[in-house]
Amino acid sequence: MNLLKSILSSLGKDAAKEVEERELELLQANVSLTTIERLKEELKGKKNLKEVLKDLLKSGKFEGTPVVLFVGTNGSGKTTAIAKLAKWYMDRGVHVIVAAADTFRAGSIEQLEEWRERIGFDLVKYHYGADPAAVAYEAVKRRKGVVLIDTAGRQETRRSLMEELKKIKRVVKPDYTVMVVDATQGVAALEQVRKFDEEVGIDGFIVTKLDVDEKGGLILSLCVETGKPVFFVSYGQGPDDFSPFNPEEYLDNLL
């Protein structure tokens, strides 16, 4: 986040003008053009940059013991994020069932089995090629607390796979549909987010790989452009490298 931090910490009294003059650097820091324009508008006549940014950032939390459906593109770190969230709940005394509804990618079920051995959540799994909606439904049927549903990573252009997601959502009626977003993808992730939201409806995000993203602007752009919250952030390889998104801490790191 060093680049964005240096840009934002140098903003002077005329912050809106400073943003305009340093637009290219902000773009390089994974802040989208739409977000930059919004910043210019919000900063007019204001001096407290931190307060402005805090109003734009959105954090969220899951209420009660929800059924959560996870979606995302290939390689976003979705399965690992689900395992970390399972541990987060279990550390708070909540029973967790994970549904291995990614019956497409080779090794996906084994990956969850490895996490189950480390963490101890319950796992509902079928064979590869099974109907993902059936796996998810079985997990919900067995619920005693939280249900976390893993799904196959997919590109937003794959029509058949998007229809599969819609079917899962119709069958289990999740309380939340969460997109897992790789922070290192930068603003390219925003178009993927828009497509997923149009197709299946997204309630918010978990942002992964923050430990390898030094630019830091994607979270700001996600919140500004979608109006949806970031629930959790994931960083590092350990099961505890995971926490609820805290806008205050995020801004402290940036500023």
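The values are calculated or read from the model by the stated rules, or taken from the named source; none is laboratory data. Source: prediction; values computed, not measured. Methodologically, a virtual Cβ is constructed for each residue, glycine included, from the backbone with ideal geometry; neighbour enumeration extends over all protein chains shown.
Quick notes on this one:
- Filter result for residue 171 (buried (at least 19 other Cβ atoms within 10 Å of the Cβ), under 16 Å from residue 71 (Cα atoms) and in the same structural domain as residue 243 (by TED's automatic domain parsing)): no
- Of residues in the range 129-150 being free of Cβ contacts under 8 Å to residues at least 40 places away in the same chain and not charged (D, E, K, R), the one nearest to residue 167 (Cα to Cα): 133
- Criterion: surrounded by 16 or more Cβ atoms within 10 Å (Cβ to Cβ) and free of Cβ contacts under 8 Å to residues at least 12 places away in the same chain - qualifying residue of 37, 110, 18, 51: 18
- Qualifying residue in the range 236-250 (condition: in the same structural domain as residue 89 (by TED's automatic domain parsing) and farther than 19 Å from residue 81 by Cβ): yes
- Some residue of the range 70-81 being basic (Lys, Arg), surrounded by 15 or more Cβ atoms within 10 Å (Cβ to Cβ) and touching a helix residue (DSSP H, G or I) at 6+ places or on another chain (Cβ under 6 Å): no
- Residue list for the range 140-163, filter: within 20 Å of the chain's Cα centre (by Cα) and over 17 Å from residue 97 (Cα atoms): 152, 153, 154, 155, 156, 157, 161, 162
- Taken together, the criteria place residue 109 among residues that are more than 27 Å from residue 253 (Cα to Cα) and in the same structural domain as residue 240 (by TED's automatic domain parsing).
- With respect to the conditions (1) closer than 18 Å to residue 149 by Cβ; (2) crowded, with 21+ Cβ neighbours inside 10 Å; (3) out of contact with any Gly (no Cβ under 6 Å at 6 or more places or on another chain), residue 199 lacks only one, and its number is (2).
- Filtering the range 116-128 to residues that are touching a residue at least 40 places away in the same chain (Cβ under 8 Å) and hydrophobic (A, V, I, L, M, F, W, C) leaves only 119.
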